[in-house]
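What follows is a single structure, written as structure tokens, with notes after it.
The values are calculated or read from the model by the stated rules, or taken from the named source; none is laboratory data. Everything quoted here is computed from the prediction, not taken from an experiment. FYI the Cβ positions are ideal-geometry reconstructions off the backbone, even for glycines, and counts take in every protein chain you see.
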Amino acid sequence: MNKPYVSHEEATIESFKRDPEFAAEYLNSVLEDGTQEELMLALRRIADAFGMKDVAETAKLNTKTLYRTLSPVDNPELRSFQAILGAMGMRLAVTPVMQSTHP
């Protein structure tokens, strides 16, 4: 039986499933303005969209470790962070905040 409504959380996760570019934009926005806790929540939402078990397997982590890594209180190593992003078809990148006026 279908629910008469969808929660905001469920709708957000569904939109990430349908549009990986939107998921990447969301993550970039959180990286720019958010706290570490917000970043971990964003990564967890996106991992939910991609399938937590699939992300864990591709990142070569067990599912329990992935959940713990994406908790608001954990501080994942860069290697784990990169593996998780890679499992979702994303990568960490650095961009300049403002254009340099020098050639």
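Could you grab me the full set of residues in the range 3-41 that are at pLDDT below 90, within 18 Å of Pro72 (Cβ to Cβ) and either touching a Ser or Thr at 6+ places or on another chain (Cβ under 8 Å) or not β-branched (Val, Ile, Thr) (or both)?
Those that are at pLDDT below 90, within 18 Å of Pro72 (Cβ to Cβ) and either touching a Ser or Thr at 6+ places or on another chain (Cβ under 8 Å) or not β-branched (Val, Ile, Thr) (or both): Glu9, Leu31, Asp33, Gly34, Gln36, Glu37, Glu38, Leu39, Met40, Leu41.
If Arg79 passes every condition in (1) in contact with a helix residue (DSSP H, G or I) (Cβ under 6 Å, 6 or more places away or on another chain); (2) modelled with pLDDT of 85 or more; (3) surrounded by fewer than 18 Cβ atoms within 10 Å (Cβ to Cβ) but one, which one does it miss?
(1)
Tell me, yes or no, whether the range 21-35 has at least one residue that is more than 16 Å from Ala93 (Cα to Cα), surrounded by fewer than 12 Cβ atoms within 10 Å (Cβ to Cβ) and either in contact (Cβ under 8 Å) with a residue 12 or more places away in the chain or over 14 Å from the mean Cα position of the chain (by Cα) (or both).
no
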